[in-house]
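Visitor: Attaching a single structure in structure tokens format; questions to follow.
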Amino acid sequence: MPIDDETRLQALVRMDVAQRLRSNDLSLTVGNFVLALLVAASLHKAAPPAWVACWLAVQFVNAAFHLWLGLRWLRSPLTTANAPIWLRRVTRTSAINGVLWLLAVQIFWPGGSDAQRMLLWAWMIGISSAALHSLHAHLPAYFAMVGPVLLGLLLAVLVHGAIDSWAILAVLLLGSTLYIHFAVSLRRLLWDSLRQAHQLAHLSESLKLEKDLAVKLSQSRSRFLAAASHDLRQPVHALSLFVGALKQNPSKAQSAQILQHVSSAVDAMGAMFNALLDISKLDAEQLQPQWQTVDLHALLSRMAADHSLQAQAKGLRFVCALPPEPAALMVRSDPALLERVLRNLLSNALRYTPQGGVLLRARRRHGRIELLVADSGVGIARARRAEVFDEFVQLHSSGQGLGLGLAIVQRLSGLLSLELRLRSRPGRGSLFTLLLEPHDVGPAAAPGPLAQPQLGGEMVIVLDESAEIRLAMSTLLSAWGLGVVSAASMAELMPQLMSASAAPRLLLCDYRLGAGESGSDAIARLRELFNSDIPALLLSGDTGLERGREALDQGLTLLHKPVSQAQLRAAVGQALRPSNSINTTAPG
């Protein structure tokens, strides 16, 4: 068991022991005083009356003080922090009681007859046995009580003698040994039982938490299946209808319009898969911020230009309010992840705003930078504000998305150390606020569309097990002016390379090929065959962390499916840049 857990367990057991002693404290105090009265009444002739009266008076004061002190203690709650203090108090009161009984032996033994001495002996044995039952849970308190009693008997026998001193001393020694043995054994049994009780309680709580987590995961999976089965079918259904419409040989204008709708449906599917990919990466802790200085003025201006067109298409107003000085909006963050957060907020605002408008504002306030995304949409009830950040939750059905946008916003905000706030009123709209620390030093960088290089003439090798994907990839790359050689495996590719007039400039391989072959192995073989570090793109639907590490070790650019046309064009253009070079050795 870890040290912290063992320490916590010991503290809980100690508190239980203190609670047991605390619950019996008042009865023990009263019982101790009643015993004092009985002893004095039965042995008053064995000692001077004045001494007996003084001893009883001290016992009374002791009982009254302990009762007052015990009532005070009962008013304060018992915790693991103050349990040791309570146990020390019990030990001190037990020691006082033990000393008073030692005095009783010294008072009643010297002048008593043999019968009175045997009666006193019986009283002391009874008191020791009662203490064994009441105080064995805390051995220091037990020994503080019984030790003086047994010591008083020993001194009385040695100093004043008895009927058979040696026999009495032997019985006293044996009794003391048995008391100690029984006390230690009972204490061990009690503490073990209390430990097991707490371990069982902890195990029960852990099982309950695991059960609750399993139920939550099951509910999340059910929500995902419900959302995915509907929302992913929608664009697929639309695509099937558009394809059917194209088969009817429509006019050129109609074909262009249908293709635009096809593109929109594909983009919608890609956005859903990308949302799922983002969640899976966050779950696997694969996303790590690439910190740099970001020019929010440039970033927000570009995003405003993109979303203003969407707002205009819905008949909404879109306002972007930025300070005139770009230097006022410099922060240190990951520009790509920060843009994803803002795009999700803006897309959400536009989606749930049927009329009115959307505001994107940036300002410096109280030493920090505030990014505000406000809308005049349907709003969110106060009781459901926390719910909107759960995965696969859509409070207002829009027929779009999987309910992951705000879940991604919240988790990326935590990853980027952003403070996220939400204010909303049903029917009035919502206001999301991001708080960032300003960063006024260093060059600025903002993600932007790369200038597309001119493609033409270069030979590209495409390896993919799927014939449909090879055909689609070859068609697209050929439309960009590239020469394409495609195959399902290395065995199928090799005969085609025999007739190739030039070495390939780019390798584009799916990770999973036929016959158990992997794309990374195929890339390594082709680089060895042409004796060149040919730029390569590896496509995979596997978002596991080990896949990214494998690509990094081999110097490969990894693209997660689905890959949009824009993403593929950008990756191909970057790989074919003249300055591009890929080192096949793993980074040091």
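Visitor: Would you kindly derive the ³J(HN,Hα) couplings of segment 552-560 from the backbone phi angles with the Karplus curve 6.51 cos²θ - 1.76 cosθ + 1.60 (θ = phi - 60°), listing them in order in whole Hz, with x for Gly and Pro?
Guide: 5, 4, 9, x, 10, 8, 9, 10, 8
Visitor: Could I ask something else about it? Tell me the net charge near Leu538. Cut-off is 10 Å between Cβ atoms, Leu538 excluded, with +1 for each Lys or Arg and -1 for each Asp or Glu.
Guide: My count for the surroundings of Leu538 gives -1.
Visitor: Local charge sum around Leu350 (other residues, Cβ-Cβ under 13 Å, Lys/Arg +1, Asp/Glu -1)?
Guide: Charge balance near Leu350 sits at +2.
Visitor: Distance from the Cα centre of segment 179-199 to that of segment 476-527, in angstrom?
Guide: 73 Å
Visitor: Counting only protein heavy atoms and a 1.4 Å probe, tell me what percentage of segment 68-110's accessible area is made up of carbon and sulfur.
Guide: Ligands and nucleic acids excluded, carbon and sulfur give 65 percent.
Visitor: Quote the charge dipole size of segment 36-158 about the Cα centre in Debye, to the nearest 20; the model charges only the Cβ of Lys and Arg (+1) and of Asp and Glu (-1).
Guide: About 360 debye.
Visitor: Report the rotationally averaged projected area of segment 49-124 based on its alpha-carbon convex hull, in square nanometres.
Guide: Approximately 6.0 nm², given one-decimal rounding.
Visitor: Can you pull the accessible area of Thr475 for me, 1.4 Å probe, Å² to the nearest 10?
Guide: Approximately 90 Å² for this residue.
Visitor: I would also like to ask the following. How much net charge surrounds His133 when only other residues with a Cβ under 13 Å from its Cβ are counted (Lys, Arg +1; Asp, Glu -1)?
Guide: +2
Visitor: Once amide H atoms are placed 1.01 Å from N in the peptide plane, what residues at a sequence separation of 5 or more from Thr557, or on another chain, have their amide H within under 5 Å of its amide H?
Guide: Long-range HN contacts for Thr557: Ala536, Leu538.
Visitor: At Ser193 and Ala50, where each label point lies 7 Å from the Cα along Cα→Cβ, what is the point-to-point distance in nanometres?
Guide: Placing both labels 7 Å along Cα→Cβ, they lie 5.1 nm apart.
Visitor: Report the FRET efficiency, 1/(1 + (r/R0)^6), for Ala130 and Asp212, where r is their Cβ-Cβ distance and R0 is 51 Å, rounded to 0.05.
Guide: Using R0 = 51 Å, I get an efficiency of 0.60.
Visitor: Carbon-plus-sulfur fraction of the accessible area of segment 471-545, 1.4 Å probe, in percent?
Guide: 55 percent
Visitor: Once label points are set 7 Å from the Cα along Cα→Cβ at both Leu38 and Arg75, what is their separation, rounded to one decimal in nm?
Guide: If labels sit at Leu38 and Arg75, their model points lie 3.3 nm apart.
Visitor: Just to verify a number: FRET efficiency for Trp68 and Ala170, C-beta to C-beta distance, R0 = 35 Å, to 0.05?
Guide: Computed FRET efficiency for Trp68 and Ala170: 0.25.
The values are calculated or read from the model by the stated rules, or taken from the named source; none is laboratory data. Model, not experiment: these values are computed from the prediction. We place every Cβ from the backbone using ideal geometry, glycine too, and count neighbours over all the protein chains shown. With ligands, DNA and RNA removed, areas are computed over all heavy atoms of the protein, side chains included. Shrake-Rupley method; radii C 1.70, N 1.55, O 1.52, S 1.80 Å.
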